[in-house]
Amino acid sequence: MISNIINLTNLNKSLKNFLNSKPFDHCIIDNFFEHRVAKKLEGDFPNYNSKIWQGYDNPIEVKKICNNWNLFPKNTYQVISYLNSNEFIKILEAKIFKKKKLYTDIGLNGGGWHIHKKGGKLNTHLDYSIHPKLNLQRKLNLIVYLNSNWKENWGGSLGLWNNNSSKKPGQLIKSIFPKFNRAILFDTTQNSWHGLPEPLKCPKDQYRKSLAIYYLCKKPIKVSKRGKALFSPTESQKNDKKILKLIKLRSSIKHAHKVYS
């Protein structure tokens, strides 16, 4: 199945750079899927106004997601199944961790389809550390961009900030343009601040689309117990008490539902 879905040559080549990248372990894989597969996946995305989406619409995140397996068309269902398979997991283990065992998140907690419209954004943040149902540590994010007509002046690059602190991001080190069929794989356990805090400038009929799969591992003895994403205010928000309160609520498992649209 692997030869029919992903570009194994590109994946293996890029994984060699994973452990030597800054500001935290990551790699970029261009032409991640076979081209015909990527085009089918792009076409599977529902209209932005479809009722299938779960929306976030607030000052720190404007986006929609869907992680319901029953709503994925055949092509998307098969590809997500493959990316959660032992066959694919073994590639990551062999090339990156060797002795560390990875686990899939079959429930796609926070993963699946992601889509942003004009004005869409995602403040710089740290992802949840401990999975709310499996009690495992979130270890890797795999994000694949699936918008074939995206222009650079529309924004939407994924920023990576340095990792001096788990309280706030440091300097922006790298911006990764969401090129069609480009994947980024990164370690989420290294104070891995990332996001797209600048609102998108795309036309109203264009959308930033991505497929997100997360991988887990057993918890170390000393580990952050963060169960929800921790967001950082932008420079213009840092003294806004309402937004700081929103960030506190969003980071709480108990109150996170209150900031959905």
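The values are calculated or read from the model by the stated rules, or taken from the named source; none is laboratory data. Just so we're clear, the structure is a prediction, and the values are computed from it rather than from any experiment. Glycine also receives a Cβ, built like all others from the backbone with ideal geometry; neighbour counts cover every protein chain displayed.
Of the residues making up region 108-124, not a single one is without any contact (Cβ under 8 Å) to a residue 40 or more places away in the chain, surrounded by fewer than 19 Cβ atoms within 10 Å (Cβ to Cβ) and farther than 25 Å from Asn162 by Cα. Which ones in region 39-85 are surrounded by 15 or more Cβ atoms within 10 Å (Cβ to Cβ), among the acidic types (Asp, Glu) and either part of a strand (DSSP E or B) or touching a His at 6+ places or on another chain (Cβ under 8 Å) (or both)? Answer for region 39-85, where residues must be surrounded by 15 or more Cβ atoms within 10 Å (Cβ to Cβ), among the acidic types (Asp, Glu) and either part of a strand (DSSP E or B) or touching a His at 6+ places or on another chain (Cβ under 8 Å) (or both): just Glu61. Can you work out which of the residues in region 123-149 that are within 15 Å of the chain's Cα centre (by Cα) and aliphatic (A, V, I, L, M) is farthest from Leu216 (Cα to Cα)? This residue is Leu146. Every listed requirement among (1) within 14 Å of Asp30 (Cα to Cα); (2) of a type outside the set (A, V, I, L, M); (3) at pLDDT below 95 is met by Asn163 save one, (1). Once region 16-38 is narrowed to residues that are within 17 Å of the chain's Cα centre (by Cα) and assigned to a loop (DSSP other than H, G, I, E, B), the residue that is surrounded by the fewest Cβ atoms within 10 Å (Cβ to Cβ) is Asp30. Leu92 satisfies every condition listed in (1) assigned to a helix (DSSP H, G or I); (2) surrounded by fewer than 19 Cβ atoms within 10 Å (Cβ to Cβ); (3) of a type in the set (A, V, I, L, M) except (2).
Would you confirm, using the coordinates I've provided, whether Lys258 is surrounded by fewer than 21 Cβ atoms within 10 Å (Cβ to Cβ), of a type in the set (Lys, Arg) and either at pLDDT 95 or above or in a loop (DSSP other than H, G, I, E, B) (or both)? No. Of the strands (runs of 3 or more DSSP E) lying entirely inside region 95-157, those containing at least 2 residues that are under 21 Å from Ile6 (Cα atoms) are 112-116, 137-145. In the set Ser236, Ser175, Ser165, only one residue is farther than 22 Å from Ser148 by Cα and either in contact (Cβ under 8 Å) with a residue 12 or more places away in the chain or in a helix (DSSP H, G or I) (or both); that residue is Ser165.
Examine region 104-122 for a residue that is over 18 Å from the mean Cα position of the chain (by Cα) and modelled with pLDDT of 95 or more, and state whether such a residue exists. Yes - at least one qualifying residue is present in region 104-122.
As for region 181-202, it holds at least one residue that is at pLDDT 95 or above, more than 15 Å from Leu126 (Cβ to Cβ), touching a helix residue (DSSP H, G or I) at 6+ places or on another chain (Cβ under 8 Å) and among the basic types (Lys, Arg).
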